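**Student:** Please see the structure below; I have some questions.
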Amino acid sequence: MTTTFYWQEQPVEAGPHETVLDALLRQGHKIPSGCRSGVCQSCLIKVEGAVPVAAQSGLSDGHIADNLALACQCRAISGLRTGPPGIHAARVLARVTDKRWLAPNIIGLRLAANLRYRPGQYVTLWRDEHTSRSYSIASHPDIQDTLEFHIRVHEQGRFSRWVAEGLKVGDLLPVQGPMGHCIYKGESSRPLLMVAMGTGLAPLFGVLQDALMQGHSGDIHLVVAAMQAREFYLTETLLELAGRYPQLKLHWVVSTTEDLAGCHLPLVRAGVEEYVTNCFPDLNGFGVYLCGAPRRVHALRRGCYIAGAAMIDIAADAFLTCDRGELVGARLAGH
Ligand code: FES
C-alpha cells in the first residue's frame with residue numbers, strides 16, 4: 001500500500017517501506033544525499049509537526065528543536081509535511097591549502113575555512129551535489145588555522161581517488177558541519193585510554209592535542225594500531241609530544257606477521273583487542289576513546305565495558321563503510 005506525504009506542499013507517493021529520501025529521489029527531486037546511513041547529515045529536511053524519532057538520531061539539540069530530520073532515516077508517513085532545511089544545511093566554501101601523502105595510502109588534506117569546531121568532530125566534504133563524504137578533523141583550532149584531514153585512498157573509492165588525483169591546492173569545495181560529540185570532556189586527572197585504528201588516529205589526534213592543551217594531568221595511553229608498520233603515520237609528531245608530556249604513553253600495535261626488524265618504533269605484534277585486554281585489565285575510572293572500523297570498535301567497546309569502564313565514559317567513533325565502497329570517518333555510536 002502506498003502512502004502520500006508532502007514535499008513543499010506537493011503530494012509525493014511512497015512505497016510501504018520507502019524513506020522520504022528514496023521516494024523524493026525516485027520521483028526526480030534534487031535532494032542532496034551521501035551515506036544514506038544517518039551519518040553525514042547531507043539529507044537534512046524540515047518537517048512540520050511530529051518527527052519520527054529515528055529520523056533525528058545524531059542531530060544536535062538545535063536541529064531537533066528546529067524540527068529537522070534526516071530524510072534517509074525518515075519513514076514516509078502518510079500526511080507528513082516536509083521541505084528544505086533552509087540555512088541549517090549551510091555549507092561553507094573551503095580552499096585547499098595543502099595536500100601530501102602521510103603514508104602509502106593516506107593523504108593529509110588541509111583546508112582553509114571559516115568554521116568553528118571542537119577537536120574530534122567531523123564534517124562532510126562535498127565534491128558535487130551528489131558526491132559527499134564525512135571525515136574526522138585531525139587538527140586543533142588553537143594550533144593551526146586550517147582544517148586537517150587524513151584520508152585513506154581506496155582503489156575503488158570515488159571520493160578519495162578524486163582527492164588524490166583531481167583535487168589541487170587552491171581548489172574550492174563546500175564543507176558542511178561540524179558534527180559529532182567524540183571530544184575531550186575535560187576530565188583532567190583521570191586516566192585516559194585512546195585506541196586509534198588506521199585513520200582513526202585523525203580524530204583522536206585532535207582529542208589528544210585538546211587534552212594536552214587543557215592541561216590534562218592523568219595518564220593518557222594512546223594505542224595506535226595498524227595492519228602493517230608502514231601504515232603508521234604522524235610517528236615523529238607523536239614521539240615528540242610524548243617527549244614533552246610524560247603523561248602521554250604511546251603503544252604501537254601491528255597485527256600482521258611481517259618482519260619488523262629495522263623499524264625504529266617499539267612495536268608490539270598483536271591483535272588490537274588482545275593487546276588492550278592484556279594491557280588494561282582494569283579500566284574502572286578510565287575515560288575511553290575508540291576510533292576505527294565498526295567491528296573493531298564494537299568489540300573493543302564491549303571489552304572495555306567488561307574491564308570496568310562505564311558505558312557513559314566510552315566515546316566511540318566508528319568508520320562507516322558506505323555503499324560505494326569508500327570509507328568515511330563518522331560517528332556511529334558512543335557518548
Ligand atoms: S544521506 Fe542521510 S545522513 Fe547521509
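The values are calculated or read from the model by the stated rules, or taken from the named source; none is laboratory data. This structure is a prediction, so every number in the text was calculated from the model and none was measured. Glycine also receives a Cβ, built like all others from the backbone with ideal geometry; neighbour counts cover every protein chain displayed. Note: accessible area is taken over every heavy atom of the protein model, side chains too, but ligands, DNA and RNA are not part of it. Shrake-Rupley method; radii C 1.70, N 1.55, O 1.52, S 1.80 Å.
**Student:** Near Lys30, which lysines are there with a Cα under 25 Å away, not counting those fewer than 8 places off in the same chain?
**Tutor:** Lys46
**Student:** For the chain, find the longest principal axis of its Cα atoms and tell me its angle to the long axis of helix 235-244, 0 to 90°, nearest 10.
**Tutor:** So the helix axis and the longest Cα principal axis differ by about 60 degrees.
**Student:** Considering only segment 88-246, what is the antiparallel percent among its DSSP beta bridges, to the nearest 5?
**Tutor:** 80 percent
**Student:** Follow-up question, since we're still on this one. Under a GNM of the chain (C-alpha, springs under 10 Å), which listed residue has the highest mean-square fluctuation: Ile306, Ile151, Ile220?
**Tutor:** Ile306
**Student:** Another question, if that's okay. Using θ = phi - 60° and the Karplus form 6.51 cos²θ - 1.76 cosθ + 1.60, what ³J(HN,Hα) does each residue of segment 252-261 get, whole Hz, x for Gly and Pro?
**Tutor:** 10, 10, 10, 9, 8, 9, 4, 6, 9, 4
**Student:** Ok, one more. In whole angstrom, how far apart do the alpha carbon centroids of segment 1-28 and segment 266-303 sit?
**Tutor:** 43 Å
**Student:** Same structure again: To the nearest Å, what is the center-to-center distance of segment 151-179 and segment 36-112, using C-alpha atoms only?
**Tutor:** Using only Cα atoms, the two centres lie 18 Å from each other.
**Student:** Now for a different question. At 7 Å along the Cα-to-beta-carbon direction for both Gln10 and Glu258, put a label point, then send me their distance in nm to one decimal.
**Tutor:** Going by the 7 Å Cα→Cβ label model, 5.3 nm.
**Student:** So, one more: Of Gly262, Gly308, Gly206, which is the most mobile in a GNM of the chain whose springs link Cα atoms less than 10 angstrom apart?
**Tutor:** Highest fluctuation of the listed residues: Gly262.
**Student:** Here's something else I'd like to know. Return the distance in nm (one decimal) between the two label points of a simple spin-label model at Cys279 and Glu155, each offset 7 Å from Cα along Cα→Cβ.
**Tutor:** 3.2 nm
**Student:** Could you please state how large a percent of the accessible area of segment 18-116 is carbon and sulfur, counting protein chains only and using a 1.4 Å probe?
**Tutor:** It is 51 percent, rounded to a whole number.
**Student:** Stretch Arg26-Asp128 to full length: gain in nm at 0.36 nm per residue minus the Cα-Cα span?
**Tutor:** Stretched fully, the Arg26-Asp128 segment lengthens by 34.8 nm.
**Student:** Using 1/(1 + (r/R0)^6) with R0 = 30 angstrom and r between the beta carbons of Glu48 and Val92, what's the FRET efficiency to the nearest 0.05?
**Tutor:** That pair, Glu48 with Val92, gives E of 0.60.
**Student:** Run lengths n ≥ 4 of DSSP H only: what is the helix-derived mean residue ellipticity at 222 nm for the chain, with -39500 (n - 2.57) per run over all residues, to the nearest 500?
**Tutor:** It comes out at -5500 deg cm²/dmol, rounded to the nearest 500.
**Student:** If you fit an axis through the alpha-carbon atoms of helix 201-213 and take the longest principal axis of the Cα set of the chain, what angle between them do you get, 0 to 90°, nearest 10?
**Tutor:** Between helix and principal axis, roughly 70 degrees.
**Student:** Using θ = phi - 60° and the Karplus form 6.51 cos²θ - 1.76 cosθ + 1.60, what ³J(HN,Hα) does each residue of segment 100-114 get, whole Hz, x for Gly and Pro?
**Tutor:** Whole-Hz 3J(HN,Hα) from phi for segment 100-114: 8, 6, 9, 8, x, 10, 10, 9, x, 10, 10, 10, 8, 8, 8.
**Student:** While we're looking at this one, here's another question. Between Tyr245 and Glu165, what is the label-point separation in nm under the 7 Å Cα-to-beta-carbon projection?
**Tutor:** For the pair Glu165/Tyr245, the computed spacing is 3.9 nm.
**Student:** Right, here's the next one. What list of ³J(HN,Hα) values in whole Hz, one per residue of segment 27-44 in order, does the Karplus curve 6.51 cos²θ - 1.76 cosθ + 1.60 (θ = phi - 60°) give from phi, with Gly and Pro shown as x?
**Tutor:** 9, x, 6, 8, 9, x, 7, x, 6, 6, 10, x, 10, 7, 6, 5, 9, 4
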